Amino acid sequence: MKIDVLAGADSVARAAASMIAEKARSGVAARGRFIMAVSGGRTPRMMLRALSNQDMPWEKVHVVQVD
């Protein structure tokens, strides 16, 4: 298991967004789509903002809200 220690919430949000974008691109390449489940509320807000700056294949991404 790899554990990353990051400087703060902003760094965590950017790292998570980068990881999700990479998984989305590889998922679309392999299966033609990427399904992402996201919690509602304020918790994922910073990550979603960071994700909006990533190279995402949005036309092939399906987002499901969970809680």
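Every number in this text was worked out from the coordinates using simple rules, so none of it is lab data. Note that the structure is predicted; figures quoted are calculated from it, not measured. Neighbour counts run over all protein chains shown; Cβ positions are idealised from the backbone, glycine included.
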Taking only DSSP H segments of four or more residues, each worth -39500 (n - 2.57), what value at 222 nm results for the chain once the sum is divided by all its residues, to the nearest 500 deg cm²/dmol?
-> -14500 deg cm²/dmol
Would you please name the trypsin sites (Lys or Arg not before Pro) within the chain that are DSSP coil residues with at most 10 other C-beta atoms within 10 Å of their C-beta?
-> LYS2, ARG42
On full extension of the chain, what length is gained from ARG31 through THR43, given 0.36 nm per residue of separation minus the C-alpha to C-alpha distance?
-> 1.4 nm
Work from the charge dipole of the chain (Cβ charges, +1 for Lys and Arg, -1 for Asp and Glu, about the Cα centre) and give the residue of LEU51, ALA30, ALA13 farthest towards its positive end.
-> ALA30
Label-point gap, in nm, between ALA9 and ASP67 - each point 7 angstrom along Cα→Cβ | 1.8 nm
